[in-house]
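What follows is one structure encoded as structure tokens, with my remarks underneath.
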Amino acid sequence: MKVQNNPYLSALQIQDQFLSQKSSTHKVPLPKGSASFQDILAEKTGRSDGGLKFSKHAAGRLADRNIRLTDEQMERLSDGTQKAGAKGIRESLVIVDQLAFIVNIPNQTVVTAMDQTEADTNIYTNIDGAVIM
């Protein structure tokens, strides 16, 4: 049905207008010295290099137990996480030196961390694989 002399568009007319327009995305150049959204997101989520991030719980455990990771230990933890992911493990125990980490592989997130010498028992639950580095 076509209505004459009506200042309003019908739903079909609006649909035709939007479907006939070609969508285009324009990249807006960033001013010098400013960070992109991706850079800011990576910084806020703790993944500046695309690597592992630590949950709030894991970061608290590290601080409470005064555990400091060296660059070499972080690299080994990251390598262990990649190996676990390659084997299809979803929740992994990764042991680096005397430190034990539970890592959620799909999210690349360290869920908890502990020093094995402080653990009452060496029992780890809710994991489906382990990597010893």
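The values are calculated or read from the model by the stated rules, or taken from the named source; none is laboratory data. Owing to the predicted nature of the structure, the values given are computational and were not obtained by experimental measurement. Cβ atoms come from the backbone with ideal geometry, glycine included; neighbour counts cover every protein chain shown. What goes into the accessible areas is simple: the full protein's heavy atoms, side chains included, and nothing from ligands, DNA or RNA. Shrake-Rupley method; radii C 1.70, N 1.55, O 1.52, S 1.80 Å.
Summary of values
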item	result
In the range 55-67, residue farthest from residue 96 (Cα to Cα) [restricted to those that are assigned to a loop (DSSP other than H, G, I, E, B) and touching a residue at least 12 places away in the same chain (Cβ under 8 Å)]	55
Pair list, Cβ under 9 Å, 6 or more apart: the range 8-20 residue among the polar types (S, T, N, Q), other residue exposed (fewer than 10 other Cβ atoms within 10 Å of the Cβ)	10/1; 10/2; 10/3
Residue within the range 22-29 that is modelled with pLDDT of 65 or more and over 30 Å from residue 93 (Cα atoms) present	yes
Criterion violated by residue 121 - all others in (1) assigned to a loop (DSSP other than H, G, I, E, B); (2) surrounded by 13 or more Cβ atoms within 10 Å (Cβ to Cβ); (3) not small (Gly, Ala, Ser) satisfied	(2)
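Conditions (1) in a loop (DSSP other than H, G, I, E, B); (2) within 23 Å of residue 128 (Cβ to Cβ); (3) open to solvent by 20 Å² or more (accessible area, probe 1.4 Å); (4) not hydroxyl-bearing (Ser, Thr, Tyr), marked per residue:
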| position | (1), (2), (3), (4) |
| --- | --- |
| 69 | yes, no, yes, yes |
| 76 | no, yes, yes, yes |
| 82 | no, yes, yes, yes |
| 85 | no, yes, yes, yes |
| 92 | no, yes, no, no |
| 106 | yes, yes, yes, yes |
| 112 | no, yes, yes, no |
